[in-house]
Amino acid sequence: MTVAELVQRQWGDHRIGLRSRASVLTHHQVAAGAAARAALLVELLPRGAEPHLGVLLDNTPEFPLWLSAAALAGAAVAGINPTRRGAELARDIVHTDCRVLVTQRAYLPLLDGLALPGVRILVTDTDAYRALLLPYEGAEPGEAVVRPVHPGSRMLLYFTSGSTGAPKAAICSQGRLAAAGRSLVSHFGLGPDDVHYVCMPMFHGNAVIADWAPALAAGAGVALRDRFSASRFLPDVREFGATYFTYVGRAVQYLLATPAGPDDRGHRLRLGFGTEAGAVDAARFEARFGVRLVEGYGSSEGGAAIQRTPDTPAGAIGRAAPGDDLAVVDAVSGEECQEARFSSSGALLNAGSAIGELVNRGRNPFEGYWRNPEAEAARLRDGWYWTGDLFYRDAEGFLYFAGRTDDRLRVDSENLAAAVIERILARWEHAAGVAVYAIPDPVAGDQVMTAIALRPGAAFTPEAFTAFLSAQPDLGTKMPPRFVRIVPELPLTATNKIHRVALRRASFLCTDPVWWRPVPDAPYEPVTPAVLDTLRAQYAAQGRSPSATVPGP
């Protein structure tokens, strides 16, 4: 099945299909609006050009309308990240061969002075745009196509977020996107009476693949929030009657940081699906809001997926999806890592030999990167798909996320994973958000540093934090952070993921309060200007720097 067929299926359905704070459209009106935009797109695309359009928008109704229009026309949408600037922003648009760019007035200053040869810019919140669409308002779905539509038709070019280098544009076909939507509908029992709340940015794959596509497949309604807002989350959910939402990164932590109220369970919301909330915060979320959070895993490029089953133990993501032959391997030797061994308290006993990179040795739905053969070759090696993510596997085959490959720490010759330590530190009752990352050791390897955002009204005291660490039975001897940075809020990327590059770059050379242990097991002390001078001298004596954009070796 194609996405175009799912859009055409909306024709004649006069139930509410798309809502925002400013507008309400029926499913039929969505299909009609998509048909009009598809017809306009066919007229605007130059002959012989790649049928690509860029969408630089907040989550306004125009975003899903243009996704639907592209599907009908046989074109592809490149989601353009509005946090990019200057040459980087221009590079994203030009690299994906966009000949049409759909944007809004608020983002026009970002485009001033950019070299965008041959790109037609449409500004949705203007009279000129409405006049441009007017002649095509009688179009019907399927009438205007730039290329024949089939399951292999290119549908999305969405940029993967990387810590270094230019973002890569992953390709997603209509068939894969439709199949992903239908799979989630089946897995979660979603239906036409559900309302999908889309609060994650639609230029990112999560909102489109895990929220919009299953709504389209189920015939469900879609409710939009232009940008994620923790304070507006519950009011939106109530107003729209939302039943399902997706999240990424630290969105759940920000929701938990909002003031609790007596009507926190006064809504229809029943399910959240996403990544990186963590078991502790997922339990807190369900206890407070009565909403079950399901942590999932699927690489942005589609090369591997893990499904959660009812018997999945706490802390695990699940098992390999049907048809996937997933393994945790040592990236150097290519040998499969040992099964994880746990203590009676749940501590991972053999992290050094159990944690490795997740690979898919089976069928491979990865559809490549747009004009980036080097990145494709790095992702596909020896016939396997390498995810770039660290995992470990228990004796029953359940997989546990341990972070990105560049989130690995090596402390005193012992390999650690940031995500494992984060899950422990997140238990601290005073922590609203936690990030763990490596900074270089003055001599060799890494030291553990954490940034902690405190809950409202909480204060950091070294005695309380040390007591908490001492009470954690699964905190290994190398895991306690050497440095603790107290931040007003964690730095995030545009997709609500922790901006670890910024944290590693700042190290302990920042204006926020930082505490440290001069030696392991010592009390935490403030990092004063005198301490900074001493630390700088230690690093300089070894020819190293405490600041790094990537973890140490």
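Remarks
- Each label point was placed 7 Å from the Cα along the Cα-to-Cβ direction; for Glu429 and Ala49 their separation is 6.1 nm.
- Antiparallel bridges, percent of DSSP beta bridges restricted to the chain (to nearest 5): 60 percent
- Alpha-carbon centroids, region 256-328 and region 359-420: separation in whole Å: 20 Å
- Exposed GluC sites (Glu not before Pro) absent: longest stretch of the chain, with sites in DSSP loops and at most 15 other Cβ within 10 Å deemed exposed: 144-334
- R0 of 25 Å, Cβ-Cβ distance Ile486-Asp521: FRET efficiency to nearest 0.05: 0.75
- Across region 297-406, the relative contact order, built from alpha-carbon pairs under 8 Å that are at least six residues apart, equals 29 percent.
- Only Cα pairs under 8 Å and 6+ residues apart enter the sum, and on that basis the relative contact order of the chain stands at 10 percent.
- Pairwise FRET efficiency - Arg371 versus His28, Cβ, R0 = 45 Å, nearest 0.05: 0.75
- Counting 0.36 nm for each residue step from Thr309 to Leu108 and taking away their Cα separation leaves a gain of 67.7 nm.
- Region 434-449 versus region 50-109: alpha-carbon centroid distance in Å: 38 Å
- The overall shape of region 412-541 is rounded: from the C-alpha gyration tensor, with semi-axes ordered a ≥ b ≥ c, the ratio a/c is less than 1.5.
- Once the Cα-Cα distance is subtracted from the 0.36 nm per residue extended length, the Ala131 to Arg455 segment shows a gain of 111.7 nm.
No lab work stands behind these numbers, since they all come straight from the coordinates. Given the structure is predicted, the values throughout are model-derived calculations rather than measurements. Backbone-built Cβ (ideal geometry, glycine too); neighbour counts: all protein chains shown.
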